[in-house]
1. Highest first, please rank the peptides 56-66, 101-111, 198-208 by the mean number of other Cβ atoms sitting within 10 Å of their residues.
2. Kindly provide the pair-distance distribution of region 6-213 built from C-alpha pairs, with 10 Å bins from 0 and whole-percent values in order of increasing distance.
3. Once amide H atoms are placed 1.01 Å from N in the peptide plane, what residues at a sequence separation of 5 or more from Lys39, or on another chain, have their amide H within under 5 Å of its amide H?
4. Describe numerically, in nm with one decimal, the distance between label points set 7 Å from Cα along Cα→Cβ at Glu207 and at Thr158.
5. Please list 3J(HN,Hα) in residue order for region 153-164, calculated via the Karplus relation 6.51 cos²θ - 1.76 cosθ + 1.60 where θ = phi - 60°; whole Hz, with x for glycine and proline.
6. Efficiency by 1/(1 + (r/R0)^6): what FRET value for Lys193 and Gln29, r their Cβ-Cβ distance, R0 = 35 Å, to the nearest 0.05?
7. Go through Met84, Pro41, Leu70 and say which Cα lies farthest out towards the positive end of the charge dipole of region 14-85; charges sit on Cβ, +1 for Lys and Arg, -1 for Asp and Glu.
8. Glu144 to Asn82: extension gain in nm, 0.36 nm per residue of separation minus the Cα-Cα distance?
Amino acid sequence: MQQGKFIVFEGIDGAGKTTQLKKLEQHLQQQNISFYLTKEPTDGPIGSLIRNVLNKRLQLDERTMAALFLADRLDHIQNPVNGMLQAQKAGKLVISDRYYLSSYAYHSAYVPMDWVIAANSECSKLMRPDIIFFLDISPEVSLERIRKTRAFFDLYETKDRLTQVRSNYYKAIGAVKSTENIVILDATQPEEKLFQQISKEVNKILEIRIELEK
Ligand code: TYD
């Protein structure tokens, strides 16, 4: 059995990952491609703890958060019941909504980025993405989109914070570009146009030869 590929979606909050993931899901179903779609923070015990902090029910120090996201990720990879690694080994295409690039961007405001990268090195050894899509939008557009979809904001969803995270994403991309395959996409363009670019890259990864512009 050939090991499945691994695709990751990244971006600041409100970048439109959910919409693009739905489109990708449909696209893969139409082509009968077996996939495992998952996300971070996970729905597991560590992920649940993290969500309680994100929605401000619980307060934890930012270093603790960086460590919790790492623990959640290690479980996300290796969990024997629903881990990504076992899905990949079973030949499935694994798609994750966020992975270690999120940690580099979100936590480096509080702990050195080098530390976050080094702490996550076990994850990259276990599962390095074949491709990481970075959906890029401005914090203004991001907040406008979040405002339209829900009545509340999470811990990290302020303009200052999103500006900082976006800039840290670019720093992180610069720091790891020699080892990671990162594709930066303009996420302010129409959904369909953006998805065309994503599906083209995914098809390349999967080596599906279809004439796109037909
Ligand atoms: P998000 O994808 O926005 O989840 P949802 O839309 O379901 O609320 O992720 C939740 C938040 O977690 C987001 O603000 C980014 C943050 N985060 C980190 O701070 N570090 C990490 O390592 C990851 C994966 C996410």
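1. Working: 56-66: 12.5, 101-111: 21.2, 198-208: 15.2.
Answer by packing, highest mean first, reads 101-111, 198-208, 56-66.
2. 8, 34, 39, 17, 2, 0
3. HN-HN under 5 Å from Lys39: Asp97.
4. Taking the two extended label points, one gets 5.0 nm.
5. Couplings: 10, 6, 3, 8, 8, 10, 4, 4, 5, 5, 4, 5 Hz.
6. Numbers: r = 21 Å, r/R0 = 0.61.
Plugging the Cβ-Cβ distance into 1/(1 + (r/R0)^6) gives 0.95.
7. Selected residue: Pro41.
8. Values: separation 62, 0.36 × 62 = 22.32 nm, distance 3.46 nm.
Contour length minus the Cα-Cα distance gives 18.9 nm.
The values are calculated or read from the model by the stated rules, or taken from the named source; none is laboratory data. Here the structure is a predicted model, which is why all the values come from computation and not from measurement. Heads up, the Cβs are rebuilt from the backbone with ideal geometry, glycines too, and the neighbour counts pull from every protein chain shown. These area figures cover heavy atoms from the full protein model, side chains too; ligands, DNA and RNA do not enter into them. Shrake-Rupley method; radii C 1.70, N 1.55, O 1.52, S 1.80 Å.
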